[in-house]
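Visitor: Sharing a structure with you now.
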């Protein structure tokens, strides 16, 4: 258990929850952290443990400490990582296609989290919980490219706020079936769970449970009428957003059989995964405020697919 600290509720506070009062006074710790301490009986008011609904007033004296951090049950695995940037607050990783970000049903000990536990040796933010330490956002298993990871709780909250406020620049590269009629466009269609296939997402009508979703896209290169290379900029971060939005335009991503792609005899090389790459992630450093611009080059399989399309 950490050192016991004392907080005197300042003048002007007439009626506040204990966890909120502590989180306001000690912003380097999250409200959730104080709630965990309350649940563990480590926050005392007049010598007695408080509960989450307890209220405090000016002059009240709170004594608190934090429970020891429980070592995650996940095993650190020495998996090589392509590190684009790292300091004591965060790191940016160029995730390979095929790597799952965090453990789940059916995953093995080869996720990004397993690799991070080894690389960071106990310096990952705990906000994500036991199975998602440091994870601020995610990429699908088959999507390659930039992903940012928080090493401290302060960094985690700062990064999460930027994603929530939609101030992060997120640019992806994709190969799509066919060639869009326009050079560029915008898709602003709500996305929700597919009612027939719960593991898939779908464009839904307004008022039918979908969440507002916004994707800008632009054609970079055409390969006859067979396929096109496009860039997609996300203004929201819905599950499968690019895959769903491009499919809704009649241009599913190559390799994405879940959303309409089918093998073509006209294509000399058949893609072995969904052809989507997180090429750029731009945000402010959660501690210094400096702009950070992370970029990941196209991986070998993506370049090989483009080469085959050009030959075709």
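Visitor: Checking the structure you have, find out if any residue of segment 138-154 is without any contact (Cβ under 8 Å) to a residue 40 or more places away in the chain, closer than 25 Å to residue 259 by Cβ and not assigned by TED's automatic domain parsing to the domain that holds residue 257.
Guide: Looking through segment 138-154, at least one residue is without any contact (Cβ under 8 Å) to a residue 40 or more places away in the chain, closer than 25 Å to residue 259 by Cβ and not assigned by TED's automatic domain parsing to the domain that holds residue 257.
Visitor: When segment 97-111 is examined, which residues are found to be modelled with pLDDT of 90 or more and surrounded by 15 or more Cβ atoms within 10 Å (Cβ to Cβ)?
Guide: Selection gives 97, 99, 100, 101, 111.
Visitor: Here is a follow-up. Test residue 124 against the stated conditions and say whether it is buried (at least 16 other Cβ atoms within 10 Å of the Cβ) and in a helix (DSSP H, G or I).
Guide: When the stated conditions are applied, residue 124 does not pass them.
Visitor: Only one of 202, 212 is surrounded by 15 or more Cβ atoms within 10 Å (Cβ to Cβ) and either in the same structural domain as residue 244 (by TED's automatic domain parsing) or closer than 23 Å to residue 296 by Cα (or both). Can you tell me which?
Guide: So the residue among 202, 212 that is surrounded by 15 or more Cβ atoms within 10 Å (Cβ to Cβ) and either in the same structural domain as residue 244 (by TED's automatic domain parsing) or closer than 23 Å to residue 296 by Cα (or both) is 202.
The values are calculated or read from the model by the stated rules, or taken from the named source; none is laboratory data. Computed from a prediction, not measured in an experiment: that's the story for all the values here. Counting neighbours? That spans all protein chains shown, and the Cβs are built from the backbone with ideal geometry, glycine included.
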